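Structure first, then comments.
Only the coordinates and a few stated rules stand behind these numbers; no lab work does. A quick note: this is a predicted structure, and the numbers were derived from the prediction, not measured. Cβ placement follows ideal geometry from the backbone for every residue including glycine, while neighbour counts extend to all protein chains displayed.
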Amino acid sequence: MYNNVKNKILVIDDQEIIHNDFKKILGEKRINEARNIVNSFLKKEDTTNFTPKEFWVDCASQGKEGFELVSNALGSNEPYKVAFVDMRMPPGWDGLETLKKIFEVDMNIQCVICTAYSDYTWEDMARELGPTDRLLILKKPFDAVEVIQLAYSLTQKWDLFLHSKKQLEGMTTLVTQQSEQVKTVENQLIRSSKLASIGTLAAAVAHEINNPLTVIQGNMDILKMIVSRYKLEDKQLDLIFDRQNNAISRIINIVSGLRSFARVDSEASEVFDLHALILDSISLIENIYQKDDIKFQTDFMASSHYIFANVGRIQQVFMNLFSNARDAMMDKLFDVDVPNKFIKVSSRSQDSSIVVEVEDSGLGISNENLEKIFESFFTTKEAGKGTGLGLSITYKIIKAFGGEISVQSTEGVGSNFLVTLPITSKEFQTKPLVIDDKIKKMEGRVLVVDDEESIRDILGMLLKEAGLEVMTAKSASEAMGYLKKNDFDFVITDFMMPKMKGDELIDKARKLKNCEHTKFILITGCMWSDAELNLDELCHNADALLKKPFPQKEIIALLKKLKS
C-alpha cells in the first residue's frame, strides 16, 4: 500500500502543444491564480480557504509510451493518480486501446479521455473497458478551469479510494483475527464440553466398575476362607491369589485416577495428597506409555506433600506435562536396543512449598522457543497435532493456586519442568482405618441394603463368616419394612439406589425408636473424595462411609470401630 503519494498527472497526447498547455494549467502560477479567484468569492468571516495542490505532470506522445510510464511508476511505488488521454494518436495505439492496457495493470488510476471527435460512443467504450467509475470524457477545446477541477477532484477521489481501501483491509484483517479468536474459543468450549462429557462418562463407568469389583474382591476373600478352613494351602494357589489381588489393585488405581475427570467442571478446592494424585495420574497412562518403551520413575523426597487446590486442575497440569514429555520422545531417534526413554517425577521440600520436577529424555527445547512455550497458541507441532494451549493453561492453573512453573532444557537431551506449589496448613480430614489381619468373630445383627443381588450376597457371606446375623433387602422401602419390625446393630446401605437413596433411608430410619442405637454405614461406588462426600451435609445421618470395592477385613474393622 502506498504512503504520501505525490499528485502525479500523466498526459498522453501526440501533440506537444497539448503537453505544454497542461503543464501551464497545472503549474504553480495558474493554481495560485485559481486559489485567489476562489478565495475572493468566500466571505471574509469564512475561515475556510482554498488550499492549492501541487501537481507533477509527465507527458507521453504515444499510447505505448504512456502505458510504459504507468507500469514503471507502479513498479517504483510512485503511481500516477490521473491520466489525460487523447483519443487519436496516430500511428500507434488510440486512446481506447491505451486505456484498456492501462486499466489492466493499474486498478486505481483515474482517467480522462480528451477528444474533439466522436470516434466511439459511450456504449462502445463501456463494452471495451467494462463497467467502470474511473473514466470521464473531456471535449476539446477545453477550458483551463475544467482541467483544474478534474485534476483536483480526481486526485482527491484517488486519495479517498486508497484511504477506504486501507480501512477495508484493516477491517478485514480485524474480522479475520476476531474470527480466529472466536474459532479458538469455540474449540475451547467444544473441548470443555467433551471433557465434561468424559467426566460424566468416567463417573458412570467408575460406578459400574466398582460394583462388580466388589463382587470379585468378596469372592476372593471367600475363596481364601474356604482354602484356609479346609487346609488347602498351596504355593500355586497363593500365587494365583497374589496375582488376582494385584489385578484388583491395578483396577482400583485406574478408577481412582479417573476421579478428577469426573469433576472437570468443578472449581472447588480441597486438601489432598499431591504424591497420591501424581501416582493416580501415572496409573492411568503407565501401561499405554510402556508400549512406546517409555518408563516412569518416581523419587518423592518432599516431607510435606499436602496442598489445597482443585484436584481436577492439578491433575490436568501433570497429564499435560506427561503428554508433552511423551511427544518429545516420540519425535526423537533412540537406540533401538537401549531406548532409554523415561519420565522421572521427583519432589523435594522448599521452605513452605513442594517442588515437583518432571524430567524427560526427549528432544529438548531450543533457546529460542524456551521463552515462548507458555504463550497461548504457541506450538512447534505440525498443524492438526497441537493447539498451543496445553502449557499456557498449565501455567495459568499453577499461578491461580499460588504456584510457579519453569523449565530447563537442553536441545537433543531433554527437558525438566519444575512445578512449585504451596503446602497447606489445613488439616487433612481422612484418618486411616486400623485393620487387623486376623478377623475376630463378632456378635450382632446386620441389615444389608443394595439393589444389586450379587453385592447383597457377597456382603452377607462375608459378614456371616465374621459371626454376624445377616438380613438383606433389595430396596430402601423393603429395608424400612424390616427396620419397623426388627432391631439391628448395623445397617449397611448402598448410596445410589432407585426411588430412594441410601441417605434418605437413613434419614427415615433415624426417626424409628428401635433405631436409636443402630449404626448406619453408607457404601458407594461413586468417585467422590472425602471432602466432596461431606458427612455433615450430604450424608449427615450416616455414622461412616465405605467405598467400593472393600476387602472383608476393612468392613469388619469398621464395624468393630463403630461398636466400640
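Cross-link check: pairs K8/K139; K291/K341; K81/K157 evaluated at a Cα-Cα cut-off of 18 Å; pairs beyond the cut-off: K8/K139. Taking each of K464/K501; K485/K548; K231/K519 in turn, the alpha-carbon distance tops 32 angstrom for K231/K519. Among 119-126, 418-425, the peptide with the highest mean count of other Cβ atoms within 10 Å heads the list, and the full ranking is 418-425, 119-126.
Remark: the stretch 290-428 carries a charge dipole of roughly 480 debye about the Cα centre, counting +1 on each Lys and Arg Cβ and -1 on each Asp and Glu Cβ.
Summarised in one figure, the compactness ratio Rg/Rh of the stretch 445-563, Cα atoms and Kirkwood Rh, is 0.92.
Label-to-label distance for V413 and D124 is 8.3 nm, based on points extended 7 Å past Cα in the beta-carbon direction. Distant-in-sequence amide contacts of Q110, defined by a placed amide H-H separation under 5 Å and a gap of 5 or more residues or a different chain, comprise V82, A83.
The listed peptides 12-22, 501-511, ordered by packing as a protection proxy, come out as 501-511, 12-22 (highest mean of other Cβ atoms within 10 Å first).
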